[in-house]
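Student: First the structure, then my questions, so here it is.
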Amino acid sequence: MNRFEILRTGRAGSNEQVATPGAVSHRDAPPNPSAAALSDKFGSAIQRREVIWGETIVYVDPAKVHDIIRWLHDDPSQQYDFLSDVTAVEYRDAEVPIEVVWHLRSLPYRRFLRVKVQLPKGQPLEVASVYDIYRAADWLERECYDMFGIRFRGHPDLRRILMWEQYKEGFPLRKDFPLRGRFSRSEQLRQSLAQNPEARYSMEELSIADAYAELPEDMRKRLSLGERTGE
Amino acid sequence: MSKRTVEVELSTTGLDAHGRPQRVPILTDDGGGGLALQAPAALEPELEGEHMLINIGPQHPATHGVLRLVLELDGETVVRCIPHIGYLHCGFEKIGEYRQYNQIIPWTDREDYLNSIGNNVAFALGAERLFGIEITERCKVLRVIASELSRIMSHLVWLGTFCIDIGAFTPFLWAFQRREEIYRLLEKWVGARLTTSATRVGGMAADIPSGWMDGLRQFVRTFPQTLEEIDRVLTKNAIWVGRTVGLGVMTPDEAINWGLSGPMLRASGVDYDVRKDFPYLDYETYDFEVPVGTNGDVYDRYLVRFEELRQSTRILAQAADRLPDGPVNIDDPRIILPPKSKATSEMESMIHHFKVVMEGPRPPIGESYFAVESPKGEKGYYMVSDGTAKPVRWRIRPPSFVNLAAIPKMVEGHLLSDVIAINASIDIVMGEIDR
């Protein structure tokens, strides 16, 4: 094999069937065949199916979502092997439940499916993690937790990712979070000035170098009291 | 010990009788009258099993932005890598919920700032699906030109900085010279170089000026020469190959499972390009090929991106030839602003102008996820509308965010210097990762 050449090129040519046609109707487009297959397989766990702008949405039972995504991933007739996105939607109407959204793609079948779970307000926002099915879920779920406070059960390392670990103002993308933040500018400034500049490493990282023993006394004390340090 | 860094004391082999560090002979008597190299383990026996903590970034030129990597090293080998992101987080998605659709377009410039006009196009396409708008043929071709120019720009920046990270300087200058030409073209078209804000829901901010196509044609004609020059300098260069082959390998299954997209995924041998698999903007009618690698290492990513530069030039040539005449914007006064001359002279146009600016166009209730093939990978805009002029949720699916998540997997077991090459091969833009 010539190492200096790309071995092959992908699909070229224009006569294949187009997966996303241009003109689609708002609600009447044909659904993704996987939606019907899901209903056959899981019955009442599939609460509702909808097609908007040609994209099929499947609302599923929060308790079953892991099984359903596992089946979509593993079943040879589905093969949703690519997790595009994990995110959440909170509506402006406070009565409407928060939705967790998975965007799945099947590369072999060139299909796209949106799986949704509704989490009612007033209950702990918790749903199963798909980390063990897709490693792509690692950071996406962390971000979703960071922004919405949705806990993904089974995620091995669910901590804040974009905000720092000591961030106390809550979850920024929730609708009850004001655009300018919960704290006043002066309070935000005070907190950032009060931050301990040497505490840039998490406990995990300190354990790498066995550096814990070499830390200053006060820092060791604070760490032993459970203070999270990393960013 | 400094307060900011946690260091491990590197122990010496000990002190001699005078308190000076002991010298260890590298060559020792091999017993037969000659000299033999001592095994490294014998030289530094105390260091075995000692792991070191190294912090790269957040302000480091080789991290391509404010990325911080905490590395656990065994000697020079990376055992573990813990990335930290979020230093550039400014809440684009939150701000988008307080903006009308056209007002979000300037924010899309600033997330993946190397691909700003491509983001404009992607966002406009997503919003148009949400509105149910079919754009005009001329607009489609102009947007293809914008996306491909943007891909070339982004790949040129990647190529230049990747060269610098690995130690080659000349191709950087060649790449940035050509990139400057594209910026001049963009400046002529939309009046801005970096923050283009070139699209509007339902059309473009401006049609191309007269004579612009000649500039594009000249670029398309001369650009392959630059590519040939860079190709000649890099592709078979022994240092280049030595620094890139076999690094950061992702197998096809791993690459899919980790959610990699774009050149990262294709270098691993997975034939997935949004332009081919879920076509938009009539990409299925253009004649171009999608390069696919075989080994999934840094070198294959280089080859794939390099070939994409050639293919984008091909698409540009075809788009320049087929650009139809006709209007750029759709004919719907509820969405598109009337011409300024009419807005100041006709009552009806003035009302439309006022309504579009003050109230903003309103999509029907619904949601759409529109993915495009950005230079970094699959970039998706997920928008949810409740029927008002501002989205309930505007979500960016950032390709480099998901690609970067695989860096701990890719750098493990490689040398510290290779971390820089692997990180550069991901082609990250922190503005997009942190948003």
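Student: Enumerate the calculated ³J(HN,Hα) couplings along the stretch A:171-178 in order (Karplus 6.51 cos²θ - 1.76 cosθ + 1.60, θ = phi - 60°), each rounded to whole Hz, writing x wherever the residue is Gly or Pro.
Tutor: 10, x, 8, 6, 6, 7, 8, x
Student: Put simply, what bits of the stretch B:83-120 lose 40 Å² or more of accessible area when the other protein chains are there, versus the chain on its own (1.4 Å probe)?
Tutor: B:His84, B:Ile85, B:His89, B:Lys94, B:Glu97, B:Tyr98
Student: Could you pull out the pairs from A:Lys175/B:Lys340; A:Lys175/B:Lys276; B:Lys276/B:Lys355; B:Lys94/B:Lys355 whose alpha carbons sit more than 32 Å apart here?
Tutor: As for pairs spanning more than 32 Å Cα to Cα, those are A:Lys175/B:Lys340; A:Lys175/B:Lys276; B:Lys276/B:Lys355.
Student: Can you spot the aspartates and glutamates whose alpha carbon is less than 15 Å from B:Lys188's alpha carbon? Ignore those fewer than 8 places along the same chain.
Tutor: Output for B:Lys188: B:Glu180, B:Asp207, B:Asp214.
Student: Give the interface area between chains B and A as buried accessible surface, both sides summed, probe 1.4 Å, in Å² to the nearest 100.
Tutor: Looking at B and A, the buried total is near 7400 Å².
Student: Indicate the residues belonging to the stretch A:104-125 that lose 10 Å² or more of solvent-accessible heavy-atom surface (probe 1.4 Å) upon moving from the chain alone to the assembly of all protein chains, ignoring ligands and nucleic acids.
Tutor: A:Arg105, A:Leu107, A:Arg110, A:Phe112, A:Arg114, A:Lys116
Student: Hey, what's the stretch B:351-413 come to in accessible area per residue, 1.4 Å probe, Å²?
Tutor: 25 Å²
Student: Just report the Cα centroid separation between the stretch B:305-373 and the stretch B:280-297, whole Å.
Tutor: 26 Å
Student: To the nearest 500 deg cm²/dmol, what mean residue ellipticity at 222 nm is calculated for chain B from DSSP H runs of n ≥ 4 alone, each contributing -39,500 (n - 2.57), summed and divided by the residues?
Tutor: Roughly -13500 deg cm²/dmol at 222 nm, from the helical runs in chain B.
Student: Here's another thing I want to ask about it. Give me the percent of accessible area attributable to carbon and sulfur for chain B, probe 1.4 angstrom.
Tutor: Here it works out to 54 percent.
Student: Please compute the alpha carbon radius of gyration of the stretch A:3-162, then divide it by the globular-protein estimate 2.2 N^0.38 Å. Two decimals is fine.
Tutor: This ratio for the stretch A:3-162 stands at 1.15.
Student: Could you compute how much accessible surface A:Asp74 exposes when probed at 1.4 Å, giving the result in Å² to the nearest 10?
Tutor: 80 Å²
Student: Specify the residue with the greatest mean-square fluctuation among B:Glu50, B:Glu137, B:Glu289, computed from a Gaussian network of chain B linking alpha-carbon atoms under 10 Å apart.
Tutor: Of the options given, B:Glu50 has the highest mean-square fluctuation.
Student: Roughly how much of B:Phe354 is accessible, in Å² to the nearest 10, using a 1.4 Å probe?
Tutor: 120 Å²
Student: Also, I was wondering about something else. Would you please give the residues with an amide H less than 5 Å from that of A:Phe183, counting only those at least 5 places away or on a separate chain, with H modeled from the backbone geometry?
Tutor: HN-HN under 5 Å from A:Phe183: empty list.
Student: Could you provide, to the nearest whole Å², the per residue accessible area of the stretch B:249-350 with probe 1.4 Å?
Tutor: Result: 36 Å² of accessible area for each residue.
Student: Which residues of the stretch A:138-167 bury at least 50 Å² of accessible area once all protein chains are present, versus their chain alone (1.4 Å probe)?
Tutor: Output list: A:Trp139, A:Glu143, A:Leu162.
Student: Straight-line reach from A:Lys41: which aspartates and glutamates have Cα under 19 Å away, leaving out those fewer than 8 places along the same chain?
Tutor: By straight Cα distance, A:Lys41 reaches A:Glu50, A:Asp61, A:Asp67, A:Asp74, A:Asp75, A:Asp81.
Student: How many percent of the accessible area of the stretch A:3-162 is carbon or sulfur, using a 1.4 Å probe?
Tutor: Solvent-exposed carbon and sulfur of the stretch A:3-162 make up 48 percent of the total.
Student: Okay, next question. Would you mind working out the accessible area per residue for the stretch A:3-162, using a 1.4 Å probe, and quoting it in Å²?
Tutor: Per-residue accessible area for the stretch A:3-162 comes out at 41 Å².
Student: Not counting ligands, DNA or RNA, and with a 1.4 Å probe, what is B:Ile365's accessible surface area in Å² rounded to the nearest 10?
Tutor: 100 Å²
Student: From the phi of every residue in the stretch B:153-162, what ³J(HN,Hα) in whole Hz does the Karplus formula 6.51 cos²θ - 1.76 cosθ + 1.60 yield, where θ is phi - 60° and glycine or proline is x?
Tutor: 4, 5, 5, 5, 4, 4, 4, x, 6, 5
Student: With both partners inside the stretch A:3-162, how many of the DSSP beta bridges are antiparallel, as a percent to the nearest 5?
Tutor: Close to 75 percent.
The values are calculated or read from the model by the stated rules, or taken from the named source; none is laboratory data. Just so you know, these numbers come straight off a predicted model, no measurement behind them. What goes into the accessible areas is simple: the full protein's heavy atoms, side chains included, and nothing from ligands, DNA or RNA. Shrake-Rupley method; radii C 1.70, N 1.55, O 1.52, S 1.80 Å.
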